Every structure is written in structure tokens, then in C-alpha cells.
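FYI, it's all coordinate maths here, none of it is from the lab. Source: prediction; values computed, not measured. Positions of Cβ are backbone-derived with ideal geometry, glycine not excepted, and every protein chain shown enters the neighbour counts.
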Amino acid sequence: MRLAVISDIHEDYLSLQKILLKAEAKGYDQLICLGDISGFSQPFYKYRKSRDASACLHLLREKCEIIIPGNHDLHLARRIPEHSAIFDFPKDWYELPLHQRTELTKDEIWLHEDELEHNYTPGDIAFLNTLSEFSVLNTPELNILLSHYAFPNLSGFKKGFYSWEKEFSQHFEFMQENDCSLCFTGHAHPRGFYIVHPDSFKQYRYRGIKISDFPAIVGIPPVTRHKHRTGFCIFDTDQLVVRAHK
């Protein structure tokens, strides 16, 4: 089975259309999205005129077998992450003023205060509220965990990104609890992709790699036009080969 895995669209409808066309040309059996469909921040992204969160979501709902929400998606749906051990979110989190949330988090949690208004409909928000924060895909070869980022920061609310293998130790435990030997994550916007094992962290550009050691975590590139990192991955469960396409 061939899995096409995408993540971090950030309302970039034009890039999403192009990537889906390229993925279809490469061929896949299932399309999976790992979140951050929404979330446009002017300091990071330059495609203000063409951004369209609602159109991105509608296209993904049409094409994807599995959609996982990211921190931006949960924020817009006003959802407190359930599978997180990074911060004890108050129940009235979204009712608190910005200055109070900043003080409580000591500037360690994304507050999404610089995002532009989205164009989601009430139906779009209702759909985001139905999405699970992670999913387990069972294949004949192995069980695959799908998440926006890595436990304890599973949905990506905590600022910063992991860059060496020991930082993923709790996520490997989370994978073991869910009987998974492989995981795909987004959130970090790598140029290409990375593969993490309990004793190694390696970054790759746009190429193919056979995964021969398990457990393993694969971090995939973003869809959004951010620092020329746009891409997606296809994983062949029969050959255990993951390939990042630019």
C-alpha cells in the first residue's frame, strides 16, 4: 500500500492543489493530512491574497482518508488539547485575555495572537471539532501512528522543535503504548524530511530511504510556501520506503 502524507498547509490553497496533483501523478492508495490546515501569520507567510482556509479544508475532506488537527486547527475550533503534558490548560482558556494567557504560559505556548482572520464556516468549525488528535493506521506490515507532532507536545502547542533523538523518548513510549512501530509527524517544517530512532536523528533532503530499523519517527515537509520547503511524502508499506517529493 502507498500512503501519501501531507502536513502544514497554513491556508496555502494554491500549493495544496499543486501537491495533490503531483501526488496523484505519483500514485497512492490513501491520502493522510497531519494538520495545521489553517493558521496564516504575516511574519511567516507571503501569499495573503490567495490564502483560503475553508477551500483547503473542503479539498482535504474530499481527498483524505485521515485528517489530524494541528495546534492552529485546535485553536480555531477553541479546543484544549487532550493528549498533552506540556501545560495544564485552564478550562476557560479561550475566555482569558491575551495578557493573562501570556503570563500563565511564560511565553512557552503558542497563543496564535498574530494570525489573520480565517474564512471557516460554522460547518467547517464543527468538522474540526470531530477530529481525533492522533490516529493509528493498521496495515498488514506494521501499525502506524499519525500525529501532528511528538508527545508530550502531540498537537504542537509548545514553542520550539525537537532536534535530537533523546527529545523524542516520550513519543517512542507513546508509540509503544499504542502498539505502533512507525510514526509520521508534521509541525516542524523540515527542508525534506527526518527519521528518528531511539539512538539517532537524521535529516534528509528530497529523496527515498528504506526504513530497516524500528521503532522510527518520520517528520515530513510542509505544504505551505515557507522558506522553499514545500513538499510531501509517499510511504510504501510493502517495501518500507519513504520518499519526500519537493
Computed helical MRE - 222 nm, the chain, DSSP H runs ≥ 4 contributing -39500 (n - 2.57), nearest 500: -6500 deg cm²/dmol
Antiparallel DSSP beta bridges within the chain, percent to nearest 5: 70 percent
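Which of 189, 112 comes first, and how do the rest follow, when ranked by fewest Cβ neighbours within 10 Å?
112, 189
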Cα shape, the chain, gyration tensor, a/c 1.5 rule: oblate
Neighbourhood charge, 13 Å Cβ-Cβ cut-off, centred on residue 173 and excluding it, Lys, Arg +1 and Asp, Glu -1: -2
Gyration tensor verdict on the range 1-95 (Cα atoms; rounded if a/c is under 1.5, prolate if a/b is larger than b/c, oblate otherwise): oblate
Neighbour-count order for 181, 200, fewest beta carbons within 10 angstrom listed first: 200, 181
Restraint check, 49/159; 49/227; 18/49; 63/210, Cα-Cα greater than 20 Å: 49/159; 63/210
Of the trypsin sites (Lys or Arg not before Pro) in the range 25-85, those whose Cβ has at most 16 other Cβ within 10 Å and which sit in DSSP loop: 46, 78
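Which helices pass in the chain if a helix is a full DSSP H run, must span at least 18 angstrom along its long axis by Cα, and must have mean Kyte-Doolittle hydropathy not below 0.0?
13-26
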Burial ordering of 33, 56, fewest other beta-carbon atoms within 10 Å first: 56, 33
For the range 139-239: rounded, prolate or oblate by the Cα gyration tensor [a/c cutoff 1.5]: oblate
In the range 117-188, the GluC sites (Glu not before Pro) that fall in loop regions by DSSP, at most 16 other Cβ within 10 Å: 117, 141
